1. Could we say that TYR199 is more than 8 Å from the ligand (Cβ to nearest atom), within 17 Å of the chain's Cα centre (by Cα) and not hydrophobic (A, V, I, L, M, F, W, C) here?
2. Just to be sure, is ASP245 assigned to a loop (DSSP other than H, G, I, E, B) and in contact (Cβ under 8 Å) with a residue 12 or more places away in the chain?
3. For region 259-301, give me the residue count where each residue is more than 14 Å from PRO56 (Cβ to Cβ), in a helix (DSSP H, G or I) and away from the ligand (no atom under 15 Å from the Cβ).
4. Just to check your reading of the model, which residue among ARG60, ARG2 is over 29 Å from THR124 (Cβ atoms) and basic (Lys, Arg)?
5. Quick check on region 291-306: of everything there that is of a type outside the set (Asp, Glu) and surrounded by 14 or more Cβ atoms within 10 Å (Cβ to Cβ), which residue is farthest from the chain's Cα centre (by Cα)?
6. Just checking, which of MET230, MET259 is at pLDDT 95 or above and under 24 Å from HIS136 (Cβ atoms)?
7. Looking at (1) more than 16 Å from the ligand (Cβ to nearest atom); (2) of a type outside the set (Phe, Trp, Tyr); (3) more than 14 Å from the chain's Cα centre (by Cα), find the lone condition where PRO232 falls short.
8. Within region 307-334, restricting attention to residues that are crowded, with 22+ Cβ neighbours inside 10 Å and hydroxyl-bearing (Ser, Thr, Tyr), which residue is farthest from the ligand (Cβ to nearest atom)?
Amino acid sequence: MRPTTGQFPATRFRRLRKSDALRRLAQENTLSVNDLIWPVFVRDGVNVAEPITSMPGVSRLSIDRLVKAAEDAAALGIPAICLFPYTDPDLRTETCEEAWNPENLANRAIRAIKSAVPQIAVMTDVALDPYNANGHDGLVRDGIILNDETIEALVKMSLAQAEAGADILGPSDMMDGRIGAMRQALEMSGYQNVAIMSYAAKYASAFYGPFRDAVGAGSRLVGDKKTYQMNPANSDEALRLIERDLSEGADAVMVKPGMPYLDICRRAKDTFGAPTYAYQVSGEYAMLMAAAQNGWIDGDKAMMESMMAFRRAGCDGVLSYFAPRVAKLLNDQT
Ligand code: PBG
């Protein structure tokens, strides 16, 4: 039962805001390093960190540098890192077979991290766009993004990632039925303990632009992703997708993008109570960084406020390019 709020002056909300001590005491939500997943970009080469212009402070890392970054993340207490490969243009084809090559960049990166920093959880991306000549998440025939054929490819990709040692698979492709197919294949192949975090409510968003530069898919993309990603005008549909993915065997669900979709996070958490995550995507990162670099906002404060907003909206955690910076600030505070 919700108590009725009293009348002024019996009720003065400012009493509990009077000092830092009282504000801390009355604080409803908290943020910790345990709530962070760090998305990182991987590329070929040795000792390379190639800056991504549209994401200031973020670089594509060669595997040796990635391992070092994973060590730093683990030392900061970040529980998970999420890998996105920049595939050599020569290996991008219409059939996308590089996606399930056991020796592809992502799979080599998983093995390298799991052998050097076993305590950090490795999450992957399951979608064909970094391997596809046309930049789409699925196989394309005559301009149509094929659902069922794509699922077969995603299952092969998932098994290769599980074999390489991935802890969490992150299907970001939005094909229908992929969670069930992946879960069944994992169960049958001895990977019962590989988790799936489904990008269940993923919108066809303009906020992915910098990411597509980062993985080299943007310039290749033919058309848009509206036949598989969600319409930003929809909310009930997100709940149906989440329900479907949980019933097919997803262990956790994600809402993406993050900040413009906090209402979806809240509805998802309230409705299902499942482990719920938001992805603060590349365009959100770019906006905050650009404003901060211009001196228009305080970058650290805006970053921390955005993190707390995800927690307040019901998220158990956040995928964010800010993860190490957030972790450093949190560690400094304690
Ligand atoms: C594609 C994928 C995208 C992101 C993660 N996985 C982009 C897209 O759907 O086009 C976006 C992440 C970001 O913008 O930070 N499989």
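The values are calculated or read from the model by the stated rules, or taken from the named source; none is laboratory data. These numbers were taken from a predicted model, which means no experiment stands behind them. Quick reminder, even Gly has a Cβ in these numbers, built from the backbone with ideal geometry, and neighbours come from all protein chains shown.
1. no
2. On the way: assigned to a loop (DSSP other than H, G, I, E, B): no; in contact (Cβ under 8 Å) with a residue 12 or more places away in the chain: yes.
Judged against the criteria, ASP245 is not a match.
3. 13
4. Details: ARG60 fails: over 29 Å from THR124 (Cβ atoms).
Step by step, each of ARG60, ARG2 is checked, and only ARG2 is over 29 Å from THR124 (Cβ atoms) and basic (Lys, Arg).
5. ILE297
6. Details: MET259 fails: under 24 Å from HIS136 (Cβ atoms).
After applying the criteria, what remains is MET230.
7. (1)
8. SER320
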